[in-house]
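The values are calculated or read from the model by the stated rules, or taken from the named source; none is laboratory data. Note that the structure is a prediction, hence the values are computed from the model and not measured. Backbone-built Cβ (ideal geometry, glycine too); neighbour counts: all protein chains shown.
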Ligand code: FRU
């Protein structure tokens, strides 16, 4: 994600868009009938990447996202916002945060949220480049307080550039531990190794009380940067999720995408002896964030990859998608994920599975019972996605798509099947998005796929189950 010149950047601020520009962009996006998803959140126009500031606040789920409104490429990032009470009807708030200060003059980068009392506290990285130092990148971490009316009542610089690390310091993620507020922050050492910083903050995040490096497994020393830290607290244990950059492919299961996402588990904040595991073994998944709504740990990721232009969407003036929200649980040594239960409210009447079932509605939820070895092909005679399990592996093969994506990184992905895994398969299909949950969520694979004619699904080793057509989520534009 290379930065453009300052002049080019300055012209990419949302304020430069006229109401007419916005109307034109929205009209163009609306003409994309084939591949723009109807159940997955994507940008109103322009490009989206990481989910940011996920929180349950004031009876709403807040889903902020990295947004470049002015173009379908990475550039001057803003935060956009979707809000929902039920994950079915959404308010499309559009712009929430734009660059506003010298210390975020090259974009509002990723960050997290936490609720303190009646307030939502947001943290983000101001991607500051100093015009007096040849535009050297010197990121600053910002803190914001939002009231119940979504008004920003405080916006202050919290952490200055830390000269013990390189220009790569970003993605603050707040969490409470033993009653204290902390921030995780991705960073890069002067030796160009990815590091994770743990800041301790005062109550209400008015200042920093301390900072230390989190101990991580040796395997991660290969990464040149650790992006988007996020944490799930499961009773006494912590599950830390990171998006490392620079890990070389290890075997057929690990690190085969441009960038991968890993998790590790520990009883403390020392992860040095934890196993490093994959959280999504698919093709298109990055920078997820976790939050808790009082009942469940939920996760939303970016259903995409850096440095990837997905075919088709750019010509319609939009780019990239978020995953559906997933509910997380830790079972038998694995972090499991399933689509949130609310999704079932979108189901039309069930159809019993049969090989050859019609898929032309393009929004589908498969809930199937499968044999240990099985195979499903979804598409048409010529173009299809193959999903299956054989010889102890789950796999997805997207080599037979109509429009290819990132073929140089391979067209098959694998996940390990355990013989004790539940023989349950969920597949969510949504125009160009697919999320596959093997073994009742013990292994998940996410991908974008591009096939015009989704005619049918044929299968072997399917014991039974239902296939539901799904109705779209609703999006109500609130303001621009
Ligand atoms: C991850 C990331 C973050 C950064 C943001 C910029 O995809 O590179 O590290 O804050 O995207 O959009």
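Observations on the model:
- Only a single criterion out of (1) in a strand (DSSP E or B); (2) surrounded by fewer than 24 Cβ atoms within 10 Å (Cβ to Cβ); (3) within 16 Å of the ligand (Cβ to nearest atom) is not satisfied by residue 115, namely (3).
- Residue 65 in contact (Cβ under 8 Å) with a residue 40 or more places away in the chain, more than 14 Å from the ligand (Cβ to nearest atom) and buried (at least 20 other Cβ atoms within 10 Å of the Cβ): no
- Strands (runs of 3 or more DSSP E) within region 436-480 that include 2 or more residues within 24 Å of the chain's Cα centre (by Cα) and farther than 16 Å from residue 388 by Cβ: 443-448, 474-477
- Condition check for residue 379: within 30 Å of residue 266 (Cβ to Cβ), modelled with pLDDT of 95 or more and crowded, with 22+ Cβ neighbours inside 10 Å: no
- Any hit, region 9-30, residues being closer than 25 Å to residue 435 by Cβ and either more than 14 Å from the ligand (Cβ to nearest atom) or crowded, with 18+ Cβ neighbours inside 10 Å (or both): yes
- No other residue among 185, 120, 181 is within 16 Å of the ligand (Cβ to nearest atom), part of a strand (DSSP E or B) and under 29 Å from residue 262 (Cβ atoms) apart from 185.
- In region 73-95, the residues that are part of a loop (DSSP other than H, G, I, E, B) and either within 14 Å of the ligand (Cβ to nearest atom) or at positive phi (or both): 73, 74, 75, 76, 77, 87
- The residues of region 168-217 that are in contact with a helix residue (DSSP H, G or I) (Cβ under 7 Å, 6 or more places away or on another chain) and either under 26 Å from residue 277 (Cα atoms) or free of Cβ contacts under 8 Å to residues at least 12 places away in the same chain (or both), listed by number, are 193, 194.
- Among the candidates 383, 348, 395, the residue that is in contact (Cβ under 8 Å) with a residue 12 or more places away in the chain and within 22 Å of the chain's Cα centre (by Cα) is uniquely 395.
- Scope region 80-114; condition in contact with a helix residue (DSSP H, G or I) (Cβ under 7 Å, 6 or more places away or on another chain) and within 19 Å of residue 39 (Cβ to Cβ); matching residues: 86, 87, 88
- Within region 163-178, if we keep just the residues that are in a strand (DSSP E or B), over 19 Å from the mean Cα position of the chain (by Cα) and away from the ligand (no atom under 13 Å from the Cβ), the residue that is farthest from residue 235 (Cα to Cα) turns out to be 166.
- Enumeration of residues in region 34-49 that are more than 15 Å from residue 94 (Cα to Cα) and within 10 Å of the ligand (Cβ to nearest atom): none
For every residue, the table says whether it meets (1) surrounded by 14 or more Cβ atoms within 10 Å (Cβ to Cβ); (2) outside any strand (DSSP E or B); (3) within 16 Å of the ligand (Cβ to nearest atom).
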| site | (1), (2), (3) |
| --- | --- |
| 191 | no, yes, no |
| 196 | yes, no, yes |
| 200 | yes, no, no |
| 211 | yes, no, no |
| 229 | yes, no, yes |
| 239 | yes, no, no |
| 249 | no, yes, no |
| 259 | yes, yes, yes |
| 265 | yes, no, no |
